[in-house]
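The values are calculated or read from the model by the stated rules, or taken from the named source; none is laboratory data. Keep in mind that this is a model prediction, so the values were computed, not measured. Counting neighbours? That spans all protein chains shown, and the Cβs are built from the backbone with ideal geometry, glycine included. These accessible areas exclude ligands, DNA and RNA; they are computed on the full protein's heavy atoms, side chains included. Shrake-Rupley method; radii C 1.70, N 1.55, O 1.52, S 1.80 Å.
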Amino acid sequence: MPFSDRLEPPDRRRAAIYVVDDDPAFARALVRQVEALRSPVVGVAARPDDALREIPATRPDVVLTDLDLRADLDGIGLAGELRRRGDLAAVVFLT
């Protein structure tokens, strides 16, 4: 059977995604794109401090964050704080 004809196993879990972006229109567009890939979006925050408060409860697999957040923490600072706190999620930076 060609690879393109194989179906994904029904028990394969999609990565849970948390979105951090201070541009509401971009955040909404990103959520739509992630959901179109059938990955659950478990949270969205415009501010890093909101994300730091919510991420431990939502336990995402991946955090998608703007690199240049207009806040006390930028994307790199957010990733560093998540690591320091032990909130283990992959962090993907958007530019």
Computed label-point distance, nm, for sites ARG38 and ASP61 using a 7 Å Cα→Cβ extension: 1.3
Pairwise label distance in nanometres, VAL92 with ARG14, each label 7 Å out on the Cα-Cβ vector: 1.2
Under-5 Å amide H pairs with GLY43, H placed in peptide plane, nonlocal only: VAL19
The stretch 30-40 - phi-based ³J(HN,Hα) in whole Hz, Karplus 6.51/-1.76/1.60, Gly and Pro as x: 5, 4, 4, 5, 5, 5, 5, 8, 6, 9, x
Accessible solvent surface per residue of the chain, calculated while the other protein chains remain in place, 1.4 angstrom probe, Å²: 68
Percent carbon-and-sulfur accessible area, the chain, ignoring ligands, DNA and RNA, probe 1.4 Å: 54
Computed [θ] at 222 nm, helices only, for the chain once each DSSP H run of length n ≥ 4 contributes -39500 (n - 2.57): -11500 deg cm²/dmol
